[in-house]
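Participant: First the structure, then my questions, so here it is.
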Amino acid sequence: MSENIKSRYQTIIKRINIACKKAGRNSSEITLVAVSKTKPDADVRELMDAGHLHYGENRAKALEDRMESIKNENVQWHFIGVLQTNKIKYMAHRVNWIQSVHKMKALEEIEKRASAENREISVLIQVNISEEDQKSGCEPEELEPLLKYAQNLKYAKVKGLMGMATLTDDPELVRPEFRKLRVLRNEHRHLESGSVSLQELSMGMTNDLEVAIDEGATMVRVGTAIFGERNY
């Protein structure tokens, strides 16, 4: 494992541990999703050799290629980008998590494709917590009908919510956005039934993971801070 990736990874793990201790939480509650977009397979394999098993991609084709070239049945693959319904068929055979579902149509397609593969896919419902037009996600009032629909699915398993906060240099400015997602999750826990369970909160990235953990995140998504600057 290269010293750069190793040291950066260890730095993120240390930050997560410190944040959990400060928040009175156990670091085992947090899943770190290493976002490997644009990085070569060799970099991902280095991190896998160190025991890390959760990886995210934000483009369907990149995820498809990554899953095909890296054969490791222990790895959990996460799709975290803007979800186009017509791309689901390319990932349904292997993806473990689709974190960016915000429409009924996408849930229908995941159920259809996962059924054809006879495998379950974990889903997070993305909520637009930043209220920015360019950010994907359903509106808070759209969450309940999505969850009610998902209760009766068999292969698409809704495990929680995902949110992308406003980009800012001051993490405290986005604390209300993370809190909003946690409150929304708590307000909808009465809908946990069938294929809906809301234990997961995917929120927080490199700049704001400490605040996200303090507000209840169970998944944080970190890319550049582990793999280095992207190759555009």
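Each reported figure results from applying straightforward, stated rules to the coordinates on display, with no laboratory input. None of the values given here were measured: they were computed from a predicted structure. All Cβ positions, even for glycine, are placed from backbone atoms using ideal geometry, and neighbour counts span all protein chains on display.
Participant: Step through the residues of the range 100-111 one at a time and calculate ³J(HN,Hα) from phi using the Karplus curve (6.51 cos²θ - 1.76 cosθ + 1.60, θ = phi - 60°), rounding each to whole Hz and writing x for Gly and Pro.
Facilitator: 10, 7, 9, 9, 4, 4, 5, 4, 4, 5, 4, 4
Participant: Subtract the Cα-Cα distance of Ser115 and Arg59 from 0.36 nm times their separation in residues, and report this length gain in nm to one decimal.
Facilitator: On the way: separation 56, 0.36 × 56 = 20.16 nm, distance 2.26 nm.
Using 0.36 nm per residue and subtracting the Cα-Cα distance, I get 17.9 nm.
Participant: Could you pull out every one of the lysines with an alpha carbon less than 30 Å from that of Lys154, ignoring same-chain neighbours closer than 8 positions?
Facilitator: Straight-distance partners of Lys154: Lys61, Lys71, Lys87, Lys89, Lys103, Lys105, Lys112, Lys135, Lys180.
Participant: If you take all C-alpha pairs in the range 3-225, what percent of them are over 26 Å apart?
Facilitator: On the way: 8238 of 24753 pairs.
Taking all Cα-Cα pairs of the range 3-225, the fraction more than 26 Å apart is 33 percent.
Participant: How large is ³J(HN,Hα) for each residue in the range 142-159, as worked out from phi by the Karplus curve 6.51 cos²θ - 1.76 cosθ + 1.60 (θ = phi - 60°), to whole Hz, x for Gly and Pro?
Facilitator: After applying 6.51 cos²θ - 1.76 cosθ + 1.60, I find 8, 5, 4, x, 5, 5, 5, 5, 5, 4, 9, 6, 10, 10, 8, 10, 7, 9 Hz.
Participant: Measuring from a point 7 Å past the Cα of Ala23 along Cα-to-C-beta, which residues in the range 139-167 have an amide N at less than 20 Å?
Facilitator: 159-167
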